[in-house]
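Scroll down for the structure; my scribbles are underneath it.
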Amino acid sequence: MKEYQAYFAEFFATFGLVFIGAGAVVMNEVTQGALGLVGIALAHGLVLMSMIYATGHISGAHVNPAVTVAMWINKKIESQKAIFYIVAQLAGAALAAFLLLFLFPSAPAHLGVPDLGSGFGLMRGIAVEAILTFFLVFVIFNVAVDKRAPAAIYGFAIGLVLTFDILFGGPLTGAAMNPARAFGPALASGYWATQLVYWVGPLLGAIAAALAYKYLLSENKRR
């Protein structure tokens, strides 16, 4: 039963991230830029922080297939459970996006699908997403996984990473750092133009962060 609770926790947490995060992008379009980049970044950071505190004790609050892959690489989650986590995350993201489509049938801003900035190519987009995701997963391992970290700060720290990553990378790639965040709105809007960036980049960055923690910073390396 605990495993099913973990899957539901991942579903609802990812639903919240995509509904509020992508929804903020949509609302910024609807209100002709009233939220701005800062508002969009804060919406993402605050909802992720809240979902982490709400579900961290149930599922570990991955809320991101790239994070789940990183945890799997470092043997923090079993293979079968990791697959179900990713399915739950993608399902939550899809439901959130279809609800946004119901609320905004004209699909402004492609329902918040992240996209490359003008003149910003595929490879540079992958590089930016990889670097931003590295920061995110690096912080996750060091504040949420490592037992040496101060207790109770992990949700705040991870939410802040998402916020500052979007402040920098939003104009360049949309700063998804999360395949589910890109997948849900793309599925609902039918806009897949640069979807590859938001799978390859985050997965590369997450794997790099997982290996950096494992071989350079983990508790085992101090012994």
Q. How big is Rg to Rh over region 2-222, alpha-carbon atoms, Rh as the Kirkwood inverse-mean-distance radius?
A. 0.95
Q: Using Cα pairs closer than 8 Å and at least 6 residues apart in sequence, work out the relative contact order for the chain, in percent.
A: 30
Q: Would you kindly derive the ³J(HN,Hα) couplings of region 183-188 from the backbone phi angles with the Karplus curve 6.51 cos²θ - 1.76 cosθ + 1.60 (θ = phi - 60°), listing them in order in whole Hz, with x for Gly and Pro?
A: 5, x, x, 5, 5, 6
Q) For region 71-91 and region 180-203, what is the separation of their Cα centres, given in Å? A) 19
Q | Dimensionless Rg/Rh of region 1-125 - Kirkwood Rh, Rg from C-alpha atoms | A | 1.02
Q: Would you look at the GNM of the chain, springs on alpha carbons closer than 10 Å, and say which of Ala152, Ala91, Ala209 moves the most?
A: Ala152
Q. How many percent of all Cα-Cα pairs in region 110-180 sit more than 14 Å apart?
A. 60
Q: Tell me the label-point distance for the pair Leu122, Gln32, using the 7 Å Cα-to-Cβ offset, in nm and rounded to one decimal.
A: 3.7
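Each reported figure results from applying straightforward, stated rules to the coordinates on display, with no laboratory input. Owing to the predicted nature of the structure, the values given are computational and were not obtained by experimental measurement. For neighbour counting, all protein chains shown are included, and Cβ atoms are generated from backbone atoms with ideal geometry for every residue, glycine included.
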